[in-house]
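To start, the structure under review is shown below, and the notes come after it.
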Amino acid sequence: QVQLVESGGGLVQPGGSLRLSCAASESIFRIYTMGWYRQPPGNQRELVATIAQTGTTNYADSVKGRFTISGDNAKRTVYLQMNNLKPEDTAVYYCKVATSIRDYWGKGTLVTVSS
């Protein structure tokens with residue numbers, strides 16, 4: 001059973017940076033996209049960014065210019081570099097891998113942006 005494990009969350013001040021990582025426990029085949037989603041307190045889960053196997057990326061308007069998604073196939077890892085963080089970025093961040101057969105989700109990592 002493939003597992004996705006996120007890391008890199010924590011407490012950061014406004015304007016700070018964090019880098020999230022999501023590592024797969026084994027190779028995943030027939031991938032459409034890998035991505036990051038987040039669920040702010042009291043709100044629904046929302047898309048943050050995705051990256052396709054072609055390298056094409058997609059970002060939520062709220063994070064464009066501040067967040068960068070990237071992947072390392074050799075390490076089976078997808079990253080989310082988050083710069084200029086704002087209090088409204090506070091959320092649990094989830095990694096997702098979408099394939100032709102099913103979606104895989106991580107358990108999430110908490111990011112708190114506060115002074």
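The values are calculated or read from the model by the stated rules, or taken from the named source; none is laboratory data. What you see is a predicted model, and the numbers here were worked out from it, not measured in a lab. Every residue, glycine as well, gets a Cβ built from its backbone with ideal geometry; the counts of neighbours run over all protein chains shown. Ligands, DNA and RNA are excluded from the accessible area calculation, which covers all protein heavy atoms including side chains. Shrake-Rupley method; radii C 1.70, N 1.55, O 1.52, S 1.80 Å.
Which of the residues that make up region 50-62 are under 21 Å from residue 102 (Cβ atoms) and open to solvent by less than 50 Å² (accessible area, probe 1.4 Å)?
Within region 50-62, 50, 51, 52 meet the criteria.
Among the listed residues 42, 16, 35, 10, identify the single one that is open to solvent by less than 30 Å² (accessible area, probe 1.4 Å), out of contact with any Pro (no Cβ under 6 Å at 6 or more places or on another chain) and on the phi > 0 side of the Ramachandran plot.
Every option except 10 fails the conditions.
Yes or no: region 56-76 includes at least one residue that is of a type outside the set (Ser, Thr, Tyr) and touching a Phe, Trp or Tyr at 6+ places or on another chain (Cβ under 6 Å).
Kept after step one, since they are of a type outside the set (Ser, Thr, Tyr), are these residues of region 56-76: 58, 60-61, 63-67, 69, 71-76.
From the residues that got through so far, the ones that are touching a Phe, Trp or Tyr at 6+ places or on another chain (Cβ under 6 Å) too are none.
The answer is no, given that none of the residues of region 56-76 is of a type outside the set (Ser, Thr, Tyr) and touching a Phe, Trp or Tyr at 6+ places or on another chain (Cβ under 6 Å).
Pull up region 45-54, narrow it to residues that are in a loop (DSSP other than H, G, I, E, B) and in contact (Cβ under 8 Å) with a residue 12 or more places away in the chain, then point me to the one that is farthest from residue 66 (Cα to Cα). Quick ask: steps written out before the conclusion?
So in region 45-54, the residues in a loop (DSSP other than H, G, I, E, B) come out as 45, 53-54.
Still in the list and also in contact (Cβ under 8 Å) with a residue 12 or more places away in the chain: 45, 53.
Numbers: 45: 19, 53: 22 Å.
So the residue we want is 53.
In the list 70, 114, 27, which residue meets the criterion of being surrounded by fewer than 19 Cβ atoms within 10 Å (Cβ to Cβ) and under 10 Å from the mean Cα position of the chain (by Cα)? Can you show your working first?
Working: 114 fails: under 10 Å from the mean Cα position of the chain (by Cα); 27 fails: under 10 Å from the mean Cα position of the chain (by Cα).
Residue meeting the stated conditions: 70.
How do the pairs read when you match residues in region 19-44 that are farther than 22 Å from residue 76 by Cβ with residues anywhere that are modelled with pLDDT of 95 or more and surrounded by fewer than 17 Cβ atoms within 10 Å (Cβ to Cβ), using Cβ under 6 Å and keeping only pairs 6 or more apart or on different chains?
Listed by first residue and then by second, the contacts come to 39/45.
Condition check: out of contact with any Pro (no Cβ under 6 Å at 6 or more places or on another chain), open to solvent by less than 50 Å² (accessible area, probe 1.4 Å), of a type in the set (Gly, Ala, Ser) and over 13 Å from residue 107 (Cα atoms). Does residue 65 satisfy that?
Values: out of contact with any Pro (no Cβ under 6 Å at 6 or more places or on another chain): yes; open to solvent by less than 50 Å² (accessible area, probe 1.4 Å): no; of a type in the set (Gly, Ala, Ser): yes; over 13 Å from residue 107 (Cα atoms): yes.
No: the conditions fail for residue 65.
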